[in-house]
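These notes are about the structure you will find just below.
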Amino acid sequence: MDIHQATERYEHWLAARIPLIKEDLDYKHKRMAEDPFPFFRATYYRWVQRFRANCADLLGAPTVLGVGDLHVENFGTWRDVEGRLIWGVNDFDEASRQPYTNDLVRLAASTLLAIEGSELRIDPDAACDAILGGYGDTVAKGGRPVVLAEHNVGLREMAHSQERDPVAFWDKLNKFPTLAEVPDFVRPMLEKWFPEPGLTYRVVHRIAGLGSLGRRRFTALADWHGGSIARETKELAVSAWGWEDAPPGEKEIHYGAIVRQAVRVADPFFQATDSWIVRRLGPYCSRIELAHLPARHDTQKLLHAMGRETANIHCGESAALAAIGRDLFQRGPKWLATAAHAMADDVRSDWNAWKKPK
């Protein structure tokens, strides 16, 4: 099965489970042809196929509830109940039970692609070592949330880059046109998380991300005491981890479960139901794109932190930590770099095939 066939079959599979927006899928396909990194971000369904083919020796690793679609642009910040800035994984659309190795290899492969595209500057093998070092250290300690207060100063400086300026953030969001029609069930979900009832607001369809492009997404924009606020709801689906052999009636979505059990400080404006999430959006309540990092930043420390945060997610299953520690020790120091290079090469090959006509 080539990349064109895989994409067609996956989208047919997904459309049988949730409504899809054709215009968004068309835009997604166009973005996939631009560069290997956006192609990588948009094609987790293909990653699942190729990971199983190329990394069979990693499939027997201890299983956890993992992120699935983990990559270097799936990290961001939010505010906790104390108003502190928290840093961590931003999106869990593809959460599923999987070997812990899948998250690490996907994160490392995304790093290699970002290095190739000059979005990160670090030796490729040193990058893999930083991720694995952060992960191993945190698994051994049982996890610790990343709070950008008196600790984690370097990460805090990255999170406060000029590109996350509130003026630019709200200007971009306010340019989306108002939706003429909004399903009746959407407004109560959004209004529940406003700071007070009775606010006047409009609903837009925000074009964001790549992996979830095509799914329904509704964003409410309002003015509250002289400043902009936003709440967003997005439709969820079963993870692509088992898409090829998932039974037709499969409905288990793990987004809420993985957020609840992970070692992290909760976002008080986040809610996950069986098939939708609702969250607050803001300049510092969103993911961080590589292009928005300060010109001078410590890439090695950033990747080490990403490894730490990956472990924080896996540490939600404390019973698996001892087994993960033993497995890491047995694999030695270079298994991650070897697997990441193989998968990055595979992604480039698929990307080259995607650019060609069917």
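The values are calculated or read from the model by the stated rules, or taken from the named source; none is laboratory data. The structure presented is a predicted model; accordingly, all values stated were derived computationally and were not measured. Cβ coordinates were reconstructed from backbone atoms using ideal geometry, including for glycine residues, and neighbour counts include every protein chain displayed.
Below is a table of values for the structure above.
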quantity	calculated
Selection from the stretch 240-259 of residues that are within 29 Å of Leu290 (Cα to Cα), of a type outside the set (A, V, I, L, M) and surrounded by fewer than 18 Cβ atoms within 10 Å (Cβ to Cβ)	Gly256
Neighbours by Cβ (under 8 Å, 6+ apart or cross-chain): first from the stretch 106-117, among the basic types (Lys, Arg); second assigned to a helix (DSSP H, G or I) and at pLDDT 95 or above	Arg106/Trp47; Arg106/Phe51; Arg106/Met343
Pairs where the first residue, in the stretch 13-41, is touching a residue at least 60 places away in the same chain (Cβ under 8 Å) and the second is in a helix (DSSP H, G or I) and surrounded by fewer than 19 Cβ atoms within 10 Å (Cβ to Cβ), C-beta under 6 Å, 6+ apart	Ala33/Lys355; Pro36/Arg348; Pro38/Arg31
Selection from the stretch 64-81 of residues that are polar (S, T, N, Q) and either assigned to a loop (DSSP other than H, G, I, E, B) or surrounded by fewer than 19 Cβ atoms within 10 Å (Cβ to Cβ) (or both)	Asn74
Unmet requirement for Ala95, which otherwise passes all of (1) closer than 18 Å to Ala340 by Cβ; (2) in contact with a helix residue (DSSP H, G or I) (Cβ under 6 Å, 6 or more places away or on another chain); (3) modelled with pLDDT of 95 or more	(1)
Tally of residues being closer than 30 Å to Gln261 by Cβ, aliphatic (A, V, I, L, M) and either in a loop (DSSP other than H, G, I, E, B) or modelled with pLDDT of 90 or more (or both) across the stretch 147-186	4
Matching residues, the stretch 103-138, being part of a helix (DSSP H, G or I) and of a type in the set (Gly, Ala, Ser)	Ala108, Ala109, Ser110, Ala114, Ala126, Ala127, Ala130, Gly133, Gly134, Gly136
Which numbered condition Gly143 fails, given (1) surrounded by fewer than 19 Cβ atoms within 10 Å (Cβ to Cβ); (2) in contact with a His (Cβ under 9 Å, 6 or more places away or on another chain); (3) of a type in the set (Gly, Ala, Ser); (4) not in a helix (DSSP H, G or I)	(1)
The one condition in (1) free of Cβ contacts under 8 Å to residues at least 60 places away in the same chain; (2) within 26 Å of Arg326 (Cβ to Cβ); (3) in contact with a Pro (Cβ under 7 Å, 6 or more places away or on another chain) that Arg52 fails to fulfil	(3)
Test: Arg308 is at pLDDT below 90, surrounded by 14 or more Cβ atoms within 10 Å (Cβ to Cβ) and within 16 Å of the chain's Cα centre (by Cα)	no
Candidates Ala322, Ala342 - the one that is more than 21 Å from the chain's Cα centre (by Cα) and over 25 Å from Thr43 (Cα atoms)	Ala322
Residue check for Tyr44: surrounded by 15 or more Cβ atoms within 10 Å (Cβ to Cβ) and in contact with a helix residue (DSSP H, G or I) (Cβ under 7 Å, 6 or more places away or on another chain)	yes
One residue from Leu321, Leu303, Leu336 being in contact with a His (Cβ under 9 Å, 6 or more places away or on another chain), in contact (Cβ under 8 Å) with a residue 60 or more places away in the chain and either in a strand (DSSP E or B) or of a type in the set (A, V, I, L, M) (or both)	Leu321
Hits in the stretch 187-207 - residues which are within 23 Å of the chain's Cα centre (by Cα) and either of a type in the set (Lys, Arg) or under 18 Å from Phe270 (Cα atoms) (or both)	Met189, Leu190, Trp193, Arg206
Options Arg231, Arg202; residue that is of a type in the set (D, E, K, R) and either without any contact (Cβ under 8 Å) to a residue 40 or more places away in the chain or assigned to a loop (DSSP other than H, G, I, E, B) (or both)	Arg202
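One line per residue, one yes/no per condition, for (1) within 16 Å of the chain's Cα centre (by Cα); (2) among the acidic types (Asp, Glu):
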| residue | (1), (2) |
| --- | --- |
| Ile86 | yes, no |
| Leu112 | no, no |
| Asp129 | no, yes |
| Tyr135 | no, no |
| Gly143 | no, no |
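Rundown of residues vs (1) surrounded by fewer than 15 Cβ atoms within 10 Å (Cβ to Cβ); (2) among the charged types (D, E, K, R); (3) within 29 Å of Tyr45 (Cα to Cα), yes/no style:
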position	(1), (2), (3)
Val167	yes, no, no
Glu196	yes, yes, no
Leu213	no, no, yes
Gly226	yes, no, no
Val238	no, no, yes
